[in-house]
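The values are calculated or read from the model by the stated rules, or taken from the named source; none is laboratory data. Not measured: the values here are computed from a predicted model. In this analysis, Cβ positions are derived from the backbone assuming ideal geometry, glycine residues included, and neighbour counts consider all displayed protein chains. The protein model used for the area step is the full one, side chains on, heavy atoms only, and it has no ligands, DNA or RNA in it. Shrake-Rupley method; radii C 1.70, N 1.55, O 1.52, S 1.80 Å.
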Amino acid sequence: MRHLSFRVSLIVMGLSGIVGQIVLLRELLVSFYGNEITLGIILANWLIIEAIGSFWIGKSVERTTKKREIYGLLQLIFSVAFPIALYLSRTFKNLIVTVPGEGLGFGMIFCSSFLVLLPVSLSHGALFTYGCKLYSQYSQEGPSSIGNVYILETVGTLLGGLLITFFLVHYLNPFQIVFIISLTNTLMTLSLLWPEDV
């Protein structure tokens, strides 16, 4: 049962990643009055931070015995950080005191989007590394299990892409979308951390 919950959690990880990326990208593009360069900066920041999370936080995976608990904690951090990032993507201009209608320069776009995306992308990147290690423990397949984690995450990414393209953006506002994704991740955390003997 725990192994099944973990497989579903990996699918949810992929789904949450693509939905989070699209929602925050749309919001930041509106805030920055964006063009192709702005789009490239935001996507680059997302990938850079995910890589940092996967490498930097993921390095601790070999040193801890509480991998499942940390995986759940990272999923919970993602659940909390996502709505905060959405809120900040709409309000950060009030913090830096810009004139209404003012376009921001390259440096400000890079720094602002980096800080907005930091907690979401960092936790999501670390989830993959911990997911690979946990999957190898559950399945006893060793290093080859990483391919299965890729497959499950990709399935989630495809489902998330279809879901947000054909349903979510047409019928729900961004805060409703974020609430659903955060709630789903929180429920997955509870299913993974719930004691098996209860």
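Worth pointing out:
- Extended-chain gain in nm, criterion 0.36 nm per residue less alpha-carbon gap, F179 and L43: 46.7 nm
- For the chain: accessible area per residue (Å², 1.4 Å): 52
- Seen against the Cα atoms of the chain and their longest principal axis, helix 106-139 is set at about 10 degrees.
- Theoretical gain in end-to-end length, T186 to K66 [0.36 nm per residue, Cα-Cα removed]: 41.4 nm
- Integer Hz, Karplus 6.51/-1.76/1.60 couplings in order for segment 50-67, x for Gly and Pro: 4, 5, 4, x, 5, 7, 6, 6, x, 5, 6, 4, 7, 9, 10, 9, 10, 5
- Applying 1/(1 + (r/R0)^6) with r as the Cβ-Cβ distance of Y150 and V30 and R0 = 30 angstrom yields a FRET efficiency of 0.40.
- Lys, Arg +1 and Asp, Glu -1 on Cβ, resulting dipole of the chain about Cα centre, debye, nearest 20: 220
- If you plug the beta carbon distance of I84 and Q137 into 1/(1 + (r/R0)^6) with R0 = 30 Å, you get a FRET efficiency near 0.45.
- Residue-averaged 222 nm ellipticity for the chain, from DSSP H runs of 4+ at -39500 (n - 2.57), nearest 500: -27000 deg cm²/dmol
- Given their separation in residues at 0.36 nm each and the Cα-Cα distance between them, F55 and T165 gain 36.5 nm when the chain is fully extended.
- Angle in degrees between helix 2-31 and the longest Cα principal axis of the chain, rounded to the nearest 10: 10
- The charge dipole of segment 1-118, taken about its Cα centre with unit charges on the Cβ atoms of Lys, Arg (+1), Asp and Glu (-1) only, comes to about 580 debye.
- Helix 145-163 vs. the chain, principal-axis angle (Cα, 0 to 90°, nearest 10): 40
- Sites listed here are trypsin sites (Lys or Arg not before Pro) in segment 16-118 whose DSSP assignment is loop and whose Cβ has at most 10 other Cβ atoms within 10 Å: R63, K66.
- Total formal charge among the other residues, if their Cβ is under 14 angstrom from that of I164, Lys/Arg +1 and Asp/Glu -1: 0
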